[in-house]
Structure formats: C-alpha cells, structure tokens
C-alpha cells in the first residue's frame, strides 16, 4: 500500500493510581499515537516512549521530533507491504527505536483491531441529506446520539439533551437521516 500521510496524536491518560519511582510521582501518561493513511485505510501504532528520558534516551518529545522531521518524510509516498520494509528507509536515523517501532507496528498485517462502537441509542448520529450537517453537543462538541423512544438527541459524555429537529438547523431541509454503523471486516490489500 502507498503511504499517503502520517498523523501524530498525543493523548493524555489520567492514571487510576499514581506511579511513583525515585524520579518522582506520575499521575497521568502522555501517549503518542501514529496514524498512517494509505489508500482509504487508516492504521494505528503507539510509541511506547515515556514522558521523560529517565529510563531510555527516548521520550515522547524526541519521538515526535524524529517522526516529523526524519521518519515521516522518508515514508510518505512510498509503497510498503509490511513494517519490516521500513528498516531500510530508516537506516540513516541512528537510535530512536521506539519512534521507528510505532510506525512499523502500524504497518503490520493481520493484527487484531479493537472497534469501539456506540451501542447506546437508536442511531449513533443524525445527518442532513442535503448539506451534511450533524448535530453536536453544545458543551463538549461530540456528536449527539438519537434516542428514538424519546425523540431526543443525547450526549453520552456530559448528559446534554435536546429535542431531535424536524428540519435541518443549517439549511432548513427536511431530509434528516439516521446513520447506523454496521461493523464489517476490512482487509488491507
């Protein structure tokens, strides 16, 4: 598959219980995720580097810098079938095993995937068939879920509720459709 783009995302995950070592106490983790875009398929990998270079010479910050300045430019536009093919492209960059592994892991074939799908409500979202408008929560900007029994749109994160509109608030169209996501098996070529 041809690698079209690479997106980096940093998420912060609070820990249920702090982690303490001689270096200090950690109450949250910073995690670097790598998303590869290739011919309509997105593949994810995780960089396991820590927040600080205490246990290893790598950190989230150094991995981000190496991926954006060296590894991603070497990979974008290239055809890759498996992660091990990256080694030749990445050979000129010394060290940074965790940054390289994040990209290689995203390219591994036959990996298991966990799919998180909204199972609450009648339909995961409402969409205007004319302009594509999708109602979002006023408080946290996530897509509202339609509950058919009450004909209300719910935010399952903050609890916000509103009546389901009969016309599109953006364009006034009456062509509002519900979208139900059906899981299907995807195979990468």
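Every number here is computed from the coordinates shown, using simple stated rules; none is lab data. This structure is a prediction, so every number in the text was calculated from the model and none was measured. Quick reminder, even Gly has a Cβ in these numbers, built from the backbone with ideal geometry, and neighbours come from all protein chains shown.
Using a Förster distance of 22 angstrom, determine the FRET efficiency expected from the C-beta separation of residue 138 and residue 173, and round it to 0.05.
On the way: r = 21 Å, r/R0 = 0.97.
That pair, residue 138 with residue 173, gives E of 0.55.
How do 134, 60 line up, fewest other C-beta atoms within 10 Å first? Write down the numbers at each step before the final one.
Numbers: 134 12, 60 21.
The most exposed by this proxy come first: 134, 60.
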Cα extents of the range 5-107 along the three principal axes, largest first, in whole Å?
44, 29, 20
Please give the calculated 222 nm ellipticity per residue for the chain, where each DSSP H segment of at least 4 residues contributes -39500 (n - 2.57) and the sum is spread over every residue; nearest 500 deg cm²/dmol?
-3500 deg cm²/dmol
Give me the number: length gained by fully extending residue 81 to residue 9, i.e. 0.36 nm times residue separation minus the C-alpha to C-alpha distance, one decimal in nm.
23.6 nm
How far apart, in nm, are two points set 7 Å out from the Cα along the Cα-to-Cβ line at residue 54 and at residue 74?
3.0
Exposure proxy order (Cβ contacts within 10 Å, fewest to most) of 54, 149:
149, 54
Evaluate the distance, in nm, between pseudo-label points positioned 7 Å from the Cα of residue 152 and of residue 18 along their respective Cα→Cβ axes.
4.0
Could I have the simple spin-label model distance between residue 94 and residue 46, label points 7 Å from Cα toward Cβ, reported in nm to one decimal?
3.1
Return 61, 42 ranked ascending by Cβ neighbour count within 10 Å, so the fewest neighbours appear first.
42, 61
